[in-house]
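Let me begin by presenting the structure, written as structure tokens, before commenting on it.
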Amino acid sequence: MSGNDSFELFNSVKTVRDLLQRKLDGGAGHAQGELEAGLQEIEALWEELRQRADELTAERQRYSEFFEYAPDAYLVTDSHGTVRDANRAAAELLGVPARTLAGKPLATCVHEDGRRDFRAHLVRASAQTDGELSVWRGVLLGPGDGLLPVQFRVRALPVADGGLAPLCWLVRRT
Amino acid sequence: MSGAHSQWLLTTVNAVRELMIGRLQSRSLDPASQRDVEMALEELDVMWEELQGQSELLSRESQRYVEFFDFAPDAYVVTDAGGNIREANRAATELLGLERASLVHHPLSTFVVESDRVAFLTHFVGVLVNKVDRAAWEACLQPAAGKPLRALFSLRAIPLSKSGVGGLCWLIRPIP
């Protein structure tokens, strides 16, 4: 979700309010006074609602920056190791734009010789649903297929329904 | 945090909607006005569903990033430019041995053993003076209770949209 969606949210709010105002101006007859008082109450609630939405948007912005500017490469994958999110340091480490990493199995960034070992670790890490940290070493393919010895530090996110947990990865050169 | 916000948001949305419906239905209107008002209410219902969907999305998206921070594999703290802790994740509370509320506002350097503190602050000041946007160095960490341990401090600055530093992101990792 982007700033666009929250803009749409405010827009919908405004549209509904304007619509009601129009209907009331036109068709409420003798009930006008009462309904106008109702609209005023609604406007006050609406203002509060807008402030809450502003707070939520600000919170999202703040925490997305904590992800984006984490000092080490930070990736979030599904339980099979397919990248969902990657931060700046991850893009810098691998030498590709962050958006090109989304949807890619992280194993494809691992040097071929270590891929089987990587997958075995990945399976064990995604089975660690108690929040325990999994740590192992491997070799990534960096810019120009250069070899990057790294340490993977992986923790599964808690999931309410016992389903497949996304994995948080911090990757640091060793 | 986010969950509470979202709950509040949806409760408010429902309160507003029901209030409006109540106001409109309690009035006896002529048939033409009644029809107009009913149509307005139907439109309101549709928009309300959309609005609820959007606010849920906003809240979920926010919650997702909160979790990325909170469950980051390593101790993660965010400080202001003066090095005072503003945010700390779970791993940080475990490593430093204090609850989040007790960590906030403490200078991060108070968790460095005294004999290492000048070196730590020298690194830190160097980062600020030279406007470096990332750095890493080792120092001896002193948790609130227990023995000191060697740790790697990595930091990266969150740029402000105009200039200067919006905050400093620190990962702290014990060195085996």
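The values are calculated or read from the model by the stated rules, or taken from the named source; none is laboratory data. These figures come from a predicted structure and were not determined experimentally. Cβ placement follows ideal geometry from the backbone for every residue including glycine, while neighbour counts extend to all protein chains displayed.
Assorted remarks:
- For region B:126-176, a residue qualifies if it is exposed (fewer than 12 other Cβ atoms within 10 Å of the Cβ), more than 24 Å from the chain's Cα centre (by Cα) and either in contact (Cβ under 8 Å) with a residue 12 or more places away in the chain or facing chain A (nearest Cβ under 9 Å) (or both), and the qualifying residues are B:ALA145, B:GLY146, B:ILE175.
- Among the residues of region A:137-174, those that are touching a Phe, Trp or Tyr at 6+ places or on another chain (Cβ under 8 Å) and surrounded by fewer than 17 Cβ atoms within 10 Å (Cβ to Cβ) comprise A:ARG137, A:GLN151, A:PRO158.
- Test: residue in region B:129-137 that is in the same structural domain as B:TRP170 (by TED's automatic domain parsing) and touching a His at 6+ places or on another chain (Cβ under 8 Å): yes
- Some residue of region B:109-117 being assigned by TED's automatic domain parsing to the domain that holds B:ASP80, in contact with a Cys (Cβ under 8 Å, 6 or more places away or on another chain) and among the hydroxyl-bearing types (Ser, Thr, Tyr): yes
- Screening B:GLU94 on (1) within 13 Å of chain A (Cβ to nearest Cβ); (2) over 21 Å from A:THR174 (Cα atoms); (3) modelled with pLDDT under 95 shows it passes everything except condition (3).
- The combined condition, being modelled with pLDDT under 70 and under 24 Å from A:ARG62 (Cα atoms), is fulfilled by B:LEU9.
- Residue count, region A:111-136 (criterion: in contact (Cβ under 8 Å) with a residue 12 or more places away in the chain and either more than 11 Å from every other protein chain (Cβ to nearest Cβ) or surrounded by 13 or more Cβ atoms within 10 Å (Cβ to Cβ) (or both)): 17
- Within region B:50-91, the set of residues being of a type in the set (Gly, Ala, Ser) and facing another protein chain (nearest Cβ under 10 Å) comprises B:GLY53, B:SER55, B:SER59, B:SER62, B:ALA72, B:ALA91.
- Enumeration of residues in region A:137-174 that are more than 14 Å from chain B (Cβ to nearest Cβ), on the phi < 0 side of the Ramachandran plot and part of a loop (DSSP other than H, G, I, E, B): A:GLY142, A:GLY146, A:ASP161, A:GLY163, A:LEU164
- The listed residues are B:ALA88, B:ALA81, and the only one of them that is within 30 Å of A:VAL76 (Cβ to Cβ), modelled with pLDDT under 95, among the small types (Gly, Ala, Ser) and in contact with a helix residue (DSSP H, G or I) (Cβ under 9 Å, 6 or more places away or on another chain) turns out to be B:ALA81.
- In region B:59-101, the residues that are in contact with a Phe, Trp or Tyr (Cβ under 6 Å, 6 or more places away or on another chain) and free of Cβ contacts under 8 Å to residues at least 12 places away in the same chain: B:TYR65, B:PHE68
- The residues of region B:77-88 that are more than 21 Å from B:LYS131 (Cα to Cα) and buried (at least 24 other Cβ atoms within 10 Å of the Cβ) amount to a single one, B:ALA88.
- Some residue of region A:88-107 being assigned to a helix (DSSP H, G or I) and more than 18 Å from A:LEU170 (Cβ to Cβ): yes
- Every pair of residues 6+ apart whose Cβ atoms lie under 6 Å, when the first sits in region A:46-72 and is within 7 Å of chain B (Cβ to nearest Cβ) while the second is at pLDDT 85 or above and part of a loop (DSSP other than H, G, I, E, B): A:PHE67/A:ASN87; A:ALA70/A:ASN87
- Within region A:73-92, restricting attention to residues that are within 8 Å of chain B (Cβ to nearest Cβ) and within 11 Å of the chain's Cα centre (by Cα), the residue that is nearest to A:PRO158 (Cα to Cα) is A:VAL76.
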